[in-house]
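Read the figures in this text as sums done on the coordinates, not as results from a lab. Just so it is clear, the model here is predicted, and its values are computed rather than measured. Note that we place each Cβ from the backbone using ideal geometry, even for glycine, and neighbour counts take in every protein chain shown.
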Amino acid sequence: MRVSKRTDYALRALFTLVEHYGGAPIPIRELARRNDVPKRFLEQIMLTLKSQGWVDSTAGIRGGYVLAKSPDKITMGEVLRHFDGILAPIDCVSITGYQRCSQEPVCRFRRVFFNVRNYVSNLMDQSTLADVAKGLPVSGQEVSTGFMGGEGI
């Protein structure tokens, strides 16, 4: 599964708003600066987040964006599916993006991708913005340890 830049940037902005939940609106310029996101691209993303009811905006000198919903009511799965569509790693195990494969009746590795789909979907759907915001960032050490022959991970 690969996450698009749109999803990445949307999540960056959402987590900044989670940090300031209940506080003053954050201007788009500040959201863009803090998250190293091009302002014009972020403006489009914020309009999409607003149309989904996840953020709200206020115009004016003290205007900006705030979360419109509690961070414990928004899941990572909702955000990823909205921007990137499906979470399934291959089309033949997707529900919404299903495409039949000629090898389905005999395919052995399809089950692994089916299990990956279920694990990722469950994890993303159980991970609220509030829960994820409580966690620590992943360290470089964590990324590079724990796998033998992890090329391509």
### Query
How far is it, in nm, from the label point at Tyr98 to the one at Arg110 when both lie 7 Å from their Cα along the line to the Cβ?
1.1
### Query
Helix 5-19 versus the longest principal axis of the chain: what angle, 0 to 90°, nearest 10, using Cα atoms?
50
### Task
Calculate how steeply helix 110-126 sits against the longest principal axis of the alpha-carbon atoms of the chain, using the helix alpha-carbon long axis, and give the answer as 0 to 90 degrees to the nearest 10.
20
### Task
Identify which of Leu87, Leu136, Leu67 has the largest mean-square fluctuation in a Gaussian network model of the chain, with springs joining Cα atoms closer than 10 Å.
Leu136
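Gln52 to Ser70: extension gain in nm, 0.36 nm per residue of separation minus the Cα-Cα distance?
Details: separation 18, 0.36 × 18 = 6.48 nm, distance 1.35 nm.
The Gln52-Ser70 span can extend by a further 5.1 nm.
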#### Entry: Set of lysines with alpha-carbon distance to Lys134 below 21 Å, sequence-local pairs under 8 removed
Lys69, Lys73
### Query
Can you list the lysines whose alpha carbon sits under 22 Å from that of Lys5, skipping same-chain ones fewer than 8 residues off?
Lys39, Lys50
### Query
What ³J(HN,Hα) values, in whole Hz, does the Karplus curve 6.51 cos²θ - 1.76 cosθ + 1.60 give for the stretch 128-144 when θ = phi - 60°, with x put for Gly and Pro?
7, 4, 5, 5, 5, 5, 6, x, 9, x, 6, 7, x, 4, 4, 5, 8
### Task
Compute the long axis of helix 39-51 from its Cα atoms, compare it with the longest principal axis of the Cα atoms of the chain, and write down the angle in degrees, 0 to 90, nearest 10.
80
### Query
Binning every alpha carbon pair distance of the chain at 5 Å from zero, what are the percents per bin?
2, 8, 15, 17, 17, 14, 11, 8, 5, 2, 1, 0, 0
### Query
Listing Val3, Val18 from the residue with the fewest other Cβ atoms within 10 Å to the one with the most, what is the order?
Val3, Val18
### Query
Top mean-square fluctuation among Ser57, Ser102, Ser127, Gaussian network model of the chain, C-alpha springs under 10 Å?
Ser102
### Query
Who wins for biggest fluctuation among Phe109, Phe83, Phe41 in a Gaussian network model of the chain, springs between alpha carbons below 10 Å?
Phe109
